[in-house]
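The structure under discussion appears below in the form of structure tokens.
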Amino acid sequence: MNEQGQTVEARPGKGAGLWPDAVRRLCKRKLAMVCLGVVIVYFLLAGFVYLAEMFDWRVGPTRWGEEVGQSYAPPSSRNLLGTDIFGQSVLRKTLYGARISITVALFASLISIAIGVPLGAIAGYFRGFADEVIVWIYSTLSSVPYILLILAFAVVLRDKTVLGYRLTGIAAAYLAIGLTSWVGICRLIRGEVIKHKDREYILAAVSYGCSRRRIILRHLMPNVFHIVIIDFSLRFVAFVHAEVILSFLGIGEPNRPSWGAMINDARMELSRGVWWQMAAATAAVFLFCLALNIFGDALRDSLYPRLRIQ
Amino acid sequence: MDLIANNKRDVKKSDGNGTLLSVRNLSAHFFTEEGIVRAVQDVGFSIRRGRTLALVGESGCGKTATALSIMRLVPAPQGKIISGQIVFEERSLLDLNEKEMREIRGNRIAMIFQEPMSSLNPVYAVGDQIAEAIKVHQKKGRKEAWADVVEMLRAVGIADPRRRVREYPHQMSSGMCQRVMIAMAVSCEPVLLIADEPTTALDVTTQGKILDLLDELQRQNGMSVLLITHDLGVVAQRADDVAVMYASRIVETAGSRRLFAEPLHPYTQGLWESLPRLGFKGRRLRTIPGAVPEPLRFPAGCKFHPRCPKGRSDERCRSVEPELREVEAGRRVACWHARGYEESQSVKCKV
Amino acid sequence: MHDGLLQVEGLKTYFPIRKGLLRRTVGYIKAVDGVSFTIKAGQTLGLVGESGCGKTTLARSIVRLVSVTEGRVVFDGRDVLSAGGDELRRLRGEIGLVFQDSYGSLNPRMTVGDIVGEPLKVWGEIGRSEVAERVGALLSKVGLSRHCINRYPHEFSGGQRQRVGVARALALGPKLVICDEPVSSLDVSIQAQILNLLKDLQEEFGLTFLFIAHDLAVVEFFCDVVAVMFMGRIVEQSPAKELYRNPLHPYTRTLISAVPRAEPGVQRPRKLFRTEPLEGSKGVFRRDAQGVLNCLSGCAFYPECPERQEKCLRRMPELDEKEYRRGHYVACWKS
């Protein structure tokens, strides 16, 4: 019956799906790889600090509010980035600060994805009443000034007990950010789902009796999820900024150093000519966000190659 | 039906045998991440004044790339014309600079494309788009140009042109959009029209009307047409001469009647036989086994040999690529097994 | 008209046109406007027509991929249009669909093996290894090697993708296969391969086909019975060979003459359509957004019919009214 027998020659190597292709393309871009390296270093640092605190490794001062040395010493060979008001090394504070910023941004991202993606998928696929309700919710939410909203949530959540756990300042911060920032990803997912749901391959799935749940999870999500990844990498930056602002405004953990708190302190210090704490924190944030932005752009470019011979 | 009141037809320089466009040894490559795509290799053909040449081939054979090369619209830097000669009205197109080329595009050589809806700019009214070509090349003012536009629309068979002129592409059907494209293309009375699959996206009845229109315009202006298509039926009905392309090369050229009466290249023969035709009595269609090779993975030797009943097991077909040779007057073919191939001369030596 | 595998009676699918702030329904697009036919088991019915005639909407209406306005569809003795959720899904599993766009109808993020095996997994009745086995067998049946299982659709050519589509349509062993322009977007040399493949599969499995196309020659080759659609209605229906030998409806004749014949020198009749303006027909016709005339009463083909008469304006001709010989139906006042 097969007059031509095997019509496809087995090409060497498999895995020509979206991700392997994108990864391959991404690896060729040196700058993106460098940036990825920087981001990984930050994450590792944050993880290290977290473990250090959990297992109580004594790698540094445990009381950040204690006077340990000369106050406001400028950068020197002993304290590479100078000291703060308590004489704590700014360098140490900057490194430790990574933990808070990254933790908050990470959890906030996860929360906003956990809320935004399902809602966007439901709104986009089912349309009708569900769509109208969800769109109404997020339109209203996004009309309130962002900072006020986060602040309101954070203040309310701080020191509350949820399911037996007392919410720390950090938890309040990332909950607040996550619960208010899902709108962007929700919109994106909704748009993509609307675009894809009338495509023929979805129609084909319906035609052989696929249930709606399976269609959304197994057929639509894989086609739409790359948006989440790209959005994640770019939104992370916004969440880091949000954490900085929250710390600035006094939300967050007072007992641990964070970049936002450092910048907050700098308000007073600058008038005294003490610039090193501000500079260190700002530089740390800047470098991280820059690396993440460049990597996110490169990722987007790799996932949407422009010239593809069909 | 007259097209434009004031004819700007110059005295045409006449080439000895009336050749308008002559393409020789044209090669164009595309540089991609995965390698070099040799989209057009050693392509040569000529078009005479007032005649229609059909460039036939399946998807990926390089016919659109060839047309773009003639218009010098090959997207750079991914694409580049590597070598060859394109002589149009005794000028070498590849030697012109961009400014001179712009004078020719739309004015002496015009092109229409496959997807009429997406070839028109959706945010401009149809009249504006046609008028633009007129304004650029004939240096007319807006009012004059629009008057011409209305006439053009009437000439291409659009009813109620005064109303249509203000409409946008999405308000029109595909057939009408294609007429608009044709109006744009012939607005400056070009001597050569390149039509890249002009009717593939249209219904068969609309296709008939559009092709009739092109015939009519050709008769009036003495325009030559390079008709690119994969539809052999259209070729049989409308083309004077035919060039068959396969995998970036020309494999056969002939007058249309002779080609259908006796195709010499196995690919042309296979295409012809695998067409379902009205009145066909068989139970199964004859097919060409396998598929068109990918540009990055062309086979060695004759590119058709893996699918060819004669060439599959022939040592020479597998290793040496046959060049295009003139086997009789007006017929060229590139196949070791074609009648008269062994004795004939390579086309390259001829002028 | 009974004891067929698929019976369609008076099927109408209208799409409402909503305008204005309150989204009021101002009119309808009558995509399918009263279609009836029967396909017997093992038969192939071809549906021919140009773009916009409603053939794709008809195919989708039969499996309720669009919502049907009126009519009856009976498949294998069961009513499709009134079937509930689970029953509808079960019915759908027994009808295979092959789509036109071989690229768009395959999920780009799933491997070929996943795509073909998905129907089997949805119905969940067999284990993983058996799914893999069946997928391999299906791929072989359509002429693809088993190595294709791990590859993605974009790695294949149009013809190969269409084979995957056919394999998927056959995965659940359907009795009826609906093909919506399966070869229209393929190269000429591949069309023949796919058509032969479909014919072979039909013989091997005793399949029934509803074959939709716009290419008359393809339909004549593949189908036993051909129905010609125009503006949402069937205007002529007859056994294939008879239709091409003796077309009765003016639209059918126009279609046949418009097909470019791959024989040089064959003269085509010049005047295929009437394009003169219509007199005395106010209120009967209305131009829609595309400028196409819509007929409000009488025959839909009137504006372009080379053989129109006064009587054609007044009433819409029905299909069954004129029956010429056995099995040849026409909806035209002339015949």
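For the protein assembly as shown, what is the Kirkwood hydrodynamic radius in Å, using each pair of distinct C-alpha atoms?
After inverting the mean inverse Cα-Cα distance, the result is 33.1 Å.
Please list, in chain and number order, the residues 5+ apart from C:Gln43 or on another chain whose amide H is under 5 Å from its amide H, with Hs placed from the backbone.
HN-HN under 5 Å from C:Gln43: C:Phe209.
Per-residue counts of other Cβ atoms within 10 Å, averaged by peptide: what ranking do you get for B:173-183, A:20-30, B:104-114, highest first?
Most protected by this proxy first, the peptides run B:173-183, B:104-114, A:20-30.
Got a sec? How would C:Asp180, C:Asp76 order by Cβ neighbour count within 10 Å, fewest to most?
C:Asp76, C:Asp180
Using only atoms on other chains, find how many Cβ atoms lie within 10 Å of each Cβ of peptide B:276-283 and report the average.
Average per residue, whole number: 6.
Would you please state which residues of the range B:95-139 a label at B:Glu167 would reach in this model, taking the label point 7 Å out along Cα→Cβ and a backbone N cut-off of under 18 Å?
Only B:116-131 fall inside the zone, counting backbone N under 18 Å.
Gap in Å between the Cα centre of the range C:47-89 and the Cα centre of the range B:41-86?
With the range B:41-86 and the range C:47-89 each reduced to a Cα centre, they are spaced 46 Å.
Quick one: go through the range A:83-111 and flag any residue whose amide nitrogen is under 18 Å from the point 7 Å out along the Cα-to-Cβ line of A:Val68.
Residues passing the 18 Å test: A:83-100.
Can you give me the C-alpha center-to-center distance between the range C:147-174 and the range A:285-301, rounded to a whole angstrom?
39
Treat every Asp and Glu Cβ in the range C:94-137 as -1 and every Lys and Arg Cβ as +1, leave all other atoms uncharged, and give the resulting dipole magnitude about the Cα centre to the nearest 20 debye.
So the dipole magnitude of the range C:94-137 works out to roughly 140 debye.
When chain C is modelled as a GNM with alpha-carbon springs shorter than 10 Å, which of C:Val188, C:Val177, C:Val66 fluctuates the most?
With Cα springs under 10 Å in chain C, the top fluctuation among C:Val188, C:Val177, C:Val66 is at C:Val188.
With 10 angstrom as the radius, rank C:Leu216, A:Leu179, A:Leu217 by how many other C-beta atoms surround their C-beta, starting from the fewest.
A:Leu217, A:Leu179, C:Leu216
Testing the spin-label approximation: label points 7 Å from Cα along Cα→Cβ at B:Ala261 and A:Arg214. State their distance in nm.
With each label placed 7 Å out from Cα toward Cβ, I get 6.1 nm.
Determine, for A:Ile102, C:Ile126, the number of other Cβ atoms within 10 Å of each Cβ, and report the residues in order from fewest to most.
The order, fewest Cβ neighbours first, is C:Ile126, A:Ile102.
How well do other chains shield peptide C:92-103, expressed as the mean number of their Cβ atoms within 10 Å of each residue Cβ?
3
Taking a ≥ b ≥ c as the square roots of the eigenvalues of the Cα gyration tensor of the range C:152-228, is the shape rounded (a/c under 1.5), prolate (a/b larger than b/c) or oblate?
oblate
For A:111-121, what's the mean count of beta carbons from other chains sitting within 10 Å of each residue's beta carbon?
0
Please label the shape of the range A:85-303 as rounded, prolate or oblate, based on the square roots a ≥ b ≥ c of the eigenvalues of the alpha-carbon gyration tensor (a/c under 1.5 means rounded; beyond that, a/b larger than b/c means prolate, else oblate).
Prolate, because a/c is 1.5 or more and a/b exceeds b/c.
Can you give me the C-alpha center-to-center distance between the range B:200-234 and the range A:154-209, rounded to a whole angstrom?
55
Apply the Karplus parameterisation 6.51 cos²θ - 1.76 cosθ + 1.60, with θ equal to phi minus 60°, to every residue of the range C:7-16 and state each ³J(HN,Hα) to the nearest whole Hz, in sequence, with x for glycine and proline.
3J(HN,Hα) across the range C:7-16, in whole Hz: 10, 10, 10, x, 6, 10, 10, 10, 9, x.
Classify the range B:168-275: rounded, prolate or oblate, from the alpha-carbon gyration tensor (a ≥ b ≥ c, eigenvalue square roots; a/c under 1.5 rounded; otherwise prolate if a/b is larger than b/c)?
prolate
Tabulate in residue order the Karplus-calculated ³J(HN,Hα) for the range B:61-77, using 6.51 cos²θ - 1.76 cosθ + 1.60 with θ = phi - 60°, rounded to whole Hz; enter x for Gly and Pro.
7, x, 6, 5, 4, 4, 4, 5, 5, 5, 7, 6, 10, 5, x, 9, x
Karplus couplings for the range A:265-274 from phi (6.51 cos²θ - 1.76 cosθ + 1.60, θ = phi - 60°), rounded to Hz, Gly and Pro as x?
Here the 3J(HN,Hα) series is 4, 5, 3, 6, 5, 4, 5, 8, x, 9 Hz.
What is the Rg over Rh value, at two decimals, for chain B, using alpha-carbon atoms and the Kirkwood definition of Rh?
Checking Rg against Rh, the ratio lands at 0.98.
Can you tell me the length gained on complete extension of the stretch C:Arg18 to C:His147, counting 0.36 nm per residue apart and subtracting the Cα distance?
Roughly 41.4 nm would be gained on extension.
Amide H to amide H under 5 Å from C:Arg151: which residues, 5+ apart in sequence or cross-chain, H placed 1.01 Å off N in plane?
Close amide H contacts, sequence-distant or interchain: C:Val112, C:Gly113.
Values quoted throughout were computed directly from the atomic coordinates according to the rules given, and no laboratory measurement underlies them. In this text, all values refer to a predicted model and were calculated from it rather than measured experimentally. Methodologically, a virtual Cβ is constructed for each residue, glycine included, from the backbone with ideal geometry; neighbour enumeration extends over all protein chains shown.
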